[in-house]
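Take a look at the structure set out below.
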Amino acid sequence: MTDKQSMDTFVSLCKRRGFVFQSSEIYGGLGGFWDYGPLGVELKNNIKRSWWRNTVQERADVVGIETSIIMNPRVWEASGHVQTFADPMVDCKKCKHRFRTDDIKPNDKGEISCPDCSGELTDSRMFNLMFKTFIGPVADDASVAYLRPETAQGMFVNFENVLTTMRKKLPFGIAQIGRSFRNEITPGNFIFRDREFEQMEMEFFVMPGTDEEWHDRWIETRMNWWTEDLGIRKENLQLREHPEEELSHYSKRTVDIDYNFPFAGFSEVEGIANRTDFDLKAHEEAAGRTLRYFDEPSGESIVPYVIEPAMGVDRCFLTILIDSYVEEEVKDEKRTVLRLKPHLAPIKVAVLPLSRNEKLTPTAQRVHELLRPHFMTQFDDAQSIGRRYRRQDEIGTPYCVTVDFDTLDDDAVTIRDRDTMTQDRVPVSNLPDVLREKLPPV
Ligand code: GAP
């Protein structure tokens, strides 16, 4: 398969099976915006739950918050985003298309021109990626506000609130999951680069001098989450150190976790940055408030350093789909399987009567009702049982429960395993317990 074909396979699977749709599709869509369908929202929620459990719930040193998308615009002046959160771009003078300067390559004769119409290009200039809006009824300079381009600033401006209300001692972290917006010049590669996306970020505040050690620890912790919690294959992940010239304006050192995407090679799925005391100091100065930690042993007020693991849910979603996607031959038939870890699977259990039959259907529906309060389930009685297994394999359902004619006599059903395709017979009365043991909570 070519890279293009493999990407098309995912886009079509996502649409056909209700994972991801184009935003406002009936109007032709909108570049860089996507909607998540019934299965997509389940997978997305499972990713977020897994991150929250690992980053907040299971740790004594991290708490979570949720902050507003639109903040006082002074936040973005202090953080440096108004001045520096920009990409270089050029416009075509003829067709008016706009491109990232890095995407423009010279033609065979070494000339630079518009990739779409060969027209003349403007000089390169910086384009700020923040979406602007206006607050209140008057659209003037005084009412300008921005949709946040990262969730991180919500943690910095609430540093003092969290410190005092939760009585935290260093080191401690503040985590958040939420939407971010960037007016990307060239969104693309499906949900890889969007204009609206969700981030999962954590600011971990540490004593200056311990930052480098904590940075290394977080790189290891985050890599383990990708491989162990999400089950992404190790050989498809790598760490990449940012060279000096690539570092963000706030960073002393950044290490990315890259995934080997079929369409782009190794590309960033998460960044782990040492943001130093840049943000807290910047807000101290701009807001005229002290944002300090009182260190009892030394009797000093200090500005903590910050280690920040930052990732995008949508990019993680794409990574999981690609990494779990397998096509294999079973009894001379092709089957497509998403080998998702069970805690990520959108549907945990499918209930399938052997055939659509007036005797089997009521029993199968009773089994479905029994399982519904415990797991995300689906009931399917359309077409042959083989096709229904394939349909569930394709969306990664770990278990299918089949109700057959013997069920009417012995009140037992078979549980079919997605990966091994083995079938075990269990009494209906034990079914929720047996499945609960196989399906640990997210
Ligand atoms: N607070 C630091 C920060 O936002 P970043 O490297 O710009 O750092 C972190 O973004 C993560 O957010 C990326 O690793 C990526 O997973 C995700 N992300 C960034 N821009 C994105 C976009 N346009 N579309 C989808 N995900 C994006």
The lysines whose Cα lies under 24 Å from the Cα of K348, excluding any fewer than 8 residues away in the same chain, are K15, K44, K48, K334, K438
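How would you classify the range 347-438 from its alpha-carbon gyration tensor, with a ≥ b ≥ c the square roots of the eigenvalues: rounded for a/c under 1.5, else prolate if a/b is greater than b/c, otherwise oblate? All intermediate terms of the calculation are to be shown ahead of the outcome.
Working: a/c = 1.40, a/b = 1.08, b/c = 1.30.
Cα axes put the range 347-438 in the rounded bin.
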Dimensions in Å of the range 29-139 - Rg and Dmax from alpha carbons: 21.1, 61
Considering only the other residues whose Cβ falls under 11 Å of the Cβ of T407, what net charge follows from Lys and Arg at +1 and Asp and Glu at -1? -2
Alpha carbon centre of the range 105-136 versus the range 344-385: separation in Å? 53 Å
Contact order normalised by residue count of the chain, Cα under 8 Å, 6+ apart, percent: 13 percent
Show me 356-365, 107-116 ranked by packing, highest mean number of other Cβ atoms within 10 Å first. 356-365, 107-116
Degrees between helix 3-16 axis and first principal axis of the chain (Cα, 0 to 90, nearest 10): 60 degrees
So what are the ³J(HN,Hα) numbers for the range 157-173, from phi and the Karplus equation (6.51, -1.76, 1.60; θ = phi - 60°), rounded to whole Hz, Gly and Pro as x? 6, 9, 3, 5, 4, 6, 4, 7, 6, 9, 6, 7, 10, 5, x, 8, x
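In whole percent, how big is the carbon plus sulfur part of the accessible area of the chain, probe 1.4 Å, protein atoms only? Walk me through the numbers before you get to the answer.
Values: 10410 of 21360 Å².
The C+S portion of the solvent-accessible surface of the chain is 49 percent.
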In Å and from the alpha-carbon atoms only, list the Rg and Dmax of the chain. 25.5, 80
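So what's the back-of-envelope 222 nm ellipticity for the chain, counting only DSSP H runs of four-plus at -39500 (n - 2.57) apiece and dividing by all residues, rounded to 500?
Working: 13 runs with 122 residues, N = 442.
Estimated from H runs of four or more residues: -8000 deg cm²/dmol.
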Using +1 at the C-beta of Lys and Arg and -1 at the C-beta of Asp and Glu, which of P353, P208, N72 has the Cα lying farthest in the positive direction of the dipole of the chain? P353
For G173, list long-range residues whose amide hydrogen, built 1.01 Å from N in the peptide plane, is under 5 Å from its own amide hydrogen. V62, V63, F205
Please work out the C-alpha center-to-center distance from the range 176-220 to the range 1-61 and express it in whole Å. 18 Å
Between F266 and residues 5 or more places away or on another chain, which pairs have amide H atoms under 5 Å apart, with H built 1.01 Å from N, and which residues are they? F261
Mind listing the long-range amide H neighbours of V413? Cut-off is under 5 Å, sequence gap 5 or more, other chains count too, H placed in the peptide plane at 1.01 Å from N. V426, V428
Can you work out the Karplus-derived ³J(HN,Hα) for every residue in the range 190-204? Use 6.51 cos²θ - 1.76 cosθ + 1.60 with θ = phi - 60°, whole Hz, and x for glycine or proline. 6, 8, 6, 10, 10, 9, 10, 8, 10, 10, 10, 10, 9, 9, 10
Enter the angle in degrees (range 0 to 90, nearest 10) between the Cα long axis of helix 278-287 and the first principal axis of the Cα atoms of the chain, meaning the one along which they spread out most. 60 degrees
Acute angle (nearest 10 degrees) that the helix 385-394 long axis makes with the longest principal axis of the chain, alpha-carbon atoms: 10 degrees
Cys residues of the chain counted as unpaired, since no other Cys beta-carbon is under 4.7 Å: C14, C316, C400
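From the protein chains alone at 1.4 Å, what is the descending order of accessible area for C92, C117, largest first?
Numbers: C92 0, C117 40 Å².
So, going from the largest accessible area down, we get C117, C92.
Determine the shape class of the range 103-162: with a ≥ b ≥ c the square roots of the Cα gyration tensor eigenvalues, call it rounded for a/c under 1.5, and otherwise prolate if a/b is greater than b/c, oblate otherwise.
Values: a/c = 5.06, a/b = 2.14, b/c = 2.36.
Here the range 103-162 falls in the oblate category.
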Please compute the net charge surrounding T67, taking Lys and Arg as +1 and Asp and Glu as -1 over other residues with Cβ under 12 Å from its Cβ. -2
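Over the range 347-438, with the other protein chains present, what is the accessible area per residue in square angstrom, probe 1.4 angstrom? Can you show the working numbers first?
Values: 4350 Å² over 92 residues.
For the range 347-438, the per-residue accessible area is 47 Å².
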Residue by residue through the range 236-250, which ³J(HN,Hα) values in whole Hz follow from phi under the Karplus form 6.51 cos²θ - 1.76 cosθ + 1.60 (θ = phi - 60°), with glycine and proline marked x? 8, 10, 8, 8, 9, 7, 6, x, 2, 6, 9, 5, 5, 4, 9
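The values are calculated or read from the model by the stated rules, or taken from the named source; none is laboratory data. Owing to the predicted nature of the structure, the values given are computational and were not obtained by experimental measurement. Neighbour counts run over all protein chains shown; Cβ positions are idealised from the backbone, glycine included. Quick note on the areas: whole protein, heavy atoms, side chains included, nothing else; ligands and nucleic acids left out. Shrake-Rupley method; radii C 1.70, N 1.55, O 1.52, S 1.80 Å.
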